[in-house]
Amino acid sequence: MRAFLDLFRLDISDAELNRAKFRSFSRHMPLLYGILVSNAAAIVITAFDSGQIVMTVLTPLLLCVIATTRGIWWWRRRDDTRISDAQVAYYLRRTCTLAVVMTLMYEGWCVWLYQEADTFMRSNLTFFLGLTEVSTVFCLMTFRAAALRVALVSTFSFAFYFSWADGGRMLAQTFVLCCVSVGMMVVTINYNRSFAELIQSQRILRLRQRETEKLSEENRRIAFSDPLSGLPNRRELLSRLDRLEAGDQLAPDSLAVLFIDLDGFKAVNDEHGHQAGDALIRNVCLRLRQHCPAHTVLARVGGDEFAVLLEAPGGGAGTQARALAQRLLEEIALPVMVERHVLQVGGSIGLAANSDPAARPRELLRRADTAMYHAKTAGKGQIAVYDPGFDEGRLRRLAIEAEIGSGLNRGEFSVHYQPIVEARTGRIASAEALLRWPGRPEGPLSPDQFIDIAEATGQIHPLGLFVLERACRDIGPLGDLKLSVNVSPAQFRDPAFERQVAQVLKQTGFAPERLQFEITEGYLLSNPERVVRAVEAFKAQGMSVALDDFGTGFTSIHYLRSYGFSHIKLDKSLIDGLAPDSKAALLVTGAITLACGLDLQVIAEGVENEIQANLLRAAGCHELQGYHFGRPMPLDDLVARSRRAGPASLAAGGQPSLRVAG
Ligand code: C2E
Ligand code: MG
Ligand code: MG
């Protein structure tokens, strides 16, 4: 019973379902009222009686006015988008009541007429009542509560009246109408159930669609942005460049691209771990973003690579980009505190602007990248503006990179040795191992032309090991001649390097006391802690470490002491200008005096004549190296030379007492 009564209950708890019902039946309401008016008019025409004006004209006229007003009202509510949910609920409630009231009013009027009508008119009226009920229920089909209430009220009143009217002769009609009503009610209930299910499934579909859209938006965001910094990534930058490329022709000098690569970031990663590296990247991104103006797009295009797209529709993109590059370079170079470490990196920036028609947006990115590469190889920490000549240089470097790999496999490399002599006696104290590439099919290259490429690509690790191993095997049998081996910064910061050195020494039987490493000054400045630790570790095993190319950087001699170096090697550029009473002589003498005061041995590099050698000797320099004493030479030449200097020199375990010119 309760379930049955529930069918007649108006449930307005679901706002979406309310609106769907409202939208569905409100479109039929003007039609319904039109039917009611025309049916009433038809009755009025057939039942008109000038003696019964109130019943046959005024009452139906009043009903028709009400119906027409309601019909117009509904017509105006065709568009439900401006009606609030609360209003919809209110209209539903009102319709539910009004539908019953209108039904009763029409029925009342019909019953009134019925009593005064002849047989023909009576059949008209029952027909009118039956059809009016059917059309009302039919038009309210999607509004179950209203439809069922109308059906119930009209059927009940019809059955009640016509069961006794006309002495029960209308019972057959009553029965038929009841059957039709029950049928309509069943259909209405089923239809409403399907209608509610449809709305529910539409709602689920819409929710799923919204979820899918949200997911695909999230996917898009992930695909086009860098998760670490939240900046647009390379893909996003490329798609922006493509959009610019597909758009209107760009005015000359209206677009510029900066390509930024951090200097020394790999070292931070190696020495402080990836977490510190990530924190540093986030910090750099934040600071770069703060300095990039609104009309620029900053993207992270690689691990430590960034690009800035600068649009200047009015022109002058190149100049603006240059000023921005300068600001960014200064910002990047500031030290930052990461996980209780003060970290410092630098930046190399390449710049390209669309000054010529061939410089399409994507091409600009390539050009800026090439320019950055040039800035990097020209000494880092610089800004380079693209020049077509850079392309050639880059292609050449790429070719060399490939050749180094194949050259190592094919045994194209060898090691030469340059004697280092005792300044006082002229005796060869040690030899510096210098890498050579005589077997290169395209012709030999000097280390200056390929070492930094090998460093940038990581190929320095196998190359460096090759030199160390070969030199230990070559120099090992030469008495107690010492060996000096150059170590590049990349090797020095590789945690595996110390282990590899120990392994080579073990395999070759080379005494650690005879081995010295040379590292360049540039590395000290960026990695002081790491250098101190590595130098200590090597010293603990009996090796020594020299600072190479001293005088090309900014390290003070006093500062050097704390690193634990045993030797410094004065760079050739200091020796070049060496002449009596020259400024260079003062400088070199001062440096040597200071170094001696700090117990550091001094080796002078690039000594090319006797004047330089004498000045250095007089200044107290301990060892000399240069063409004046011997160029880098193959092992056989070094051995032959030592033989000429005296038979005792190469006796196994014997004391080398090589003397050279000068
Ligand atoms: P470096 O370690 O400073 O080596 C000295 C360079 O000066 C050598 O050039 C040597 O040939 C040159 N030199 C020596 N005496 C004179 C002189 O009197 N006059 C002139 N004009 N030059 C002189 P090289 O062999 O071309 O090496 C250049 C640089 O390449 C080296 O500078 C070193 O930094 C690097 N290098 C060479 N071999 C290796 C290696 O096996 N590993 C690493 N990591 N670097 C190496
Ligand atoms: Mg050296
Ligand atoms: Mg040097």
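Matching residues to (1) away from ligand 1 (no atom under 15 Å from the Cβ); (2) in contact (Cβ under 8 Å) with a residue 40 or more places away in the chain:
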site: Trp437; (1), (2): no, no
site: Leu445; (1), (2): no, yes
site: Glu455; (1), (2): no, no
site: Leu465; (1), (2): no, no
site: Gly509; (1), (2): yes, no
site: Ile519; (1), (2): no, no
**Study point:** Subset of region 592-618 [surrounded by fewer than 21 Cβ atoms within 10 Å (Cβ to Cβ), away from ligand 2 (no atom under 16 Å from the Cβ) and within 16 Å of Lys572 (Cβ to Cβ)]
**Key:** Glu608, Asn609, Ile611
Review point. Do we have Ala294 as open to solvent by 30 Å² or more (accessible area, probe 1.4 Å), more than 16 Å from the chain's Cα centre (by Cα) and assigned by TED's automatic domain parsing to the domain that holds Arg322 here?
Key: yes
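Consider region 429-451. How many of its residues are farther than 30 Å from Ala511 by Cβ and open to solvent by 60 Å² or more (accessible area, probe 1.4 Å)?
Summing the residues that are farther than 30 Å from Ala511 by Cβ and open to solvent by 60 Å² or more (accessible area, probe 1.4 Å) in region 429-451 gives 5.
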Point to revise | Positions within region 297-332 being open to solvent by less than 30 Å² (accessible area, probe 1.4 Å) and under 13 Å from Ala353 (Cβ atoms), in sequence order | key: Val308, Leu309, Leu310, Ala312, Gly315, Gly316, Ala317, Gly318, Ala321, Leu324, Ala325
Point to revise | Positions within region 471-499 being of a type in the set (S, T, N, Q), within 37 Å of the chain's Cα centre (by Cα) and buried (at least 21 other Cβ atoms within 10 Å of the Cβ), in sequence order | key: Gln491
Point to revise | Any hit, region 207-223, residues being open to solvent by 80 Å² or more (accessible area, probe 1.4 Å) and either aromatic (Phe, Trp, Tyr) or touching an Asp or Glu at 6+ places or on another chain (Cβ under 9 Å) (or both) | key: no
Check your understanding: Here are some residues: Val57, Val65, Val100. Which one is at pLDDT 95 or above and over 60 Å from the mean Cα position of the chain (by Cα)?
Key -> Val65
Check your understanding: Give me the pairs: first residue in region 235-262 and assigned to a helix (DSSP H, G or I), second residue buried (at least 22 other Cβ atoms within 10 Å of the Cβ) and among the small types (Gly, Ala, Ser), beta-carbon distance under 7 Å, and six or more apart or on different chains, which are they?
Key -> Glu236/Ala299; Leu237/Ala299; Leu237/Ala307
Point to revise | Condition check for Ser194: on the phi < 0 side of the Ramachandran plot, part of a helix (DSSP H, G or I) and touching a helix residue (DSSP H, G or I) at 6+ places or on another chain (Cβ under 9 Å) | key: no
Review point. Does any residue of region 365-372 turn out to be touching a residue at least 12 places away in the same chain (Cβ under 8 Å), open to solvent by 20 Å² or more (accessible area, probe 1.4 Å) and among the small types (Gly, Ala, Ser)?
Key: no
Practice item. Could you tell me which numbered condition Leu638 fails, if it satisfies all but one of (1) crowded, with 19+ Cβ neighbours inside 10 Å; (2) within 16 Å of ligand 3 (Cβ to nearest atom)? Key: (2)
Review point. Counting just the residues of region 416-428 that are open to solvent by 10 Å² or more (accessible area, probe 1.4 Å) and closer than 23 Å to Arg473 by Cβ, which one comes out nearest to ligand 2 (Cβ to nearest atom)?
Key: Gln418
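Do you know which residues across region 488-523 are part of a strand (DSSP E or B) and either of a type outside the set (Val, Ile, Thr) or not assigned by TED's automatic domain parsing to the domain that holds Ala471 (or both)?
Scanning region 488-523 gives Leu515, Gln516, Phe517, Glu518.
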Practice item. Consider Glu403 carefully, then state whether it is in the same structural domain as Ile460 (by TED's automatic domain parsing) and either touching a residue at least 40 places away in the same chain (Cβ under 8 Å) or crowded, with 18+ Cβ neighbours inside 10 Å (or both). Key: yes
Point to revise | Criterion violated by Tyr417 - all others in (1) of a type in the set (Phe, Trp, Tyr); (2) assigned to a helix (DSSP H, G or I); (3) more than 41 Å from the chain's Cα centre (by Cα) satisfied | key: (2)
**Study point:** Given (1) within 16 Å of ligand 3 (Cβ to nearest atom); (2) part of a loop (DSSP other than H, G, I, E, B), number of the condition Asp480 does not satisfy
**Key:** (1)
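Matching residues to (1) assigned to a helix (DSSP H, G or I); (2) surrounded by fewer than 17 Cβ atoms within 10 Å (Cβ to Cβ); (3) small (Gly, Ala, Ser):
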| site | (1), (2), (3) |
| --- | --- |
| Ser13 | no, yes, yes |
| Arg19 | yes, no, no |
| Thr68 | yes, yes, no |
| Gly71 | yes, no, yes |
| Tyr90 | yes, yes, no |
Review point. Do we find a residue being at pLDDT below 95, part of a helix (DSSP H, G or I), under 41 Å from the mean Cα position of the chain (by Cα) and within 16 Å of ligand 3 (Cβ to nearest atom) anywhere in region 455-470?
Key: yes
Revision key, fill the gap. When restricted to Cys110, Cys139, the only residue within 60 Å of the chain's Cα centre (by Cα) and of a type outside the set (A, V, I, L, M) is Cys139
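The values are calculated or read from the model by the stated rules, or taken from the named source; none is laboratory data. Every value quoted in this text rests on a predicted model; they were computed, and no experiment measured them. Ideal geometry is used to build each Cβ from the backbone, glycine not excepted, and the neighbour counts take in all protein chains shown. Surface areas here come from the heavy atoms of the whole protein model, side chains and all, with no ligands, DNA or RNA. Shrake-Rupley method; radii C 1.70, N 1.55, O 1.52, S 1.80 Å.
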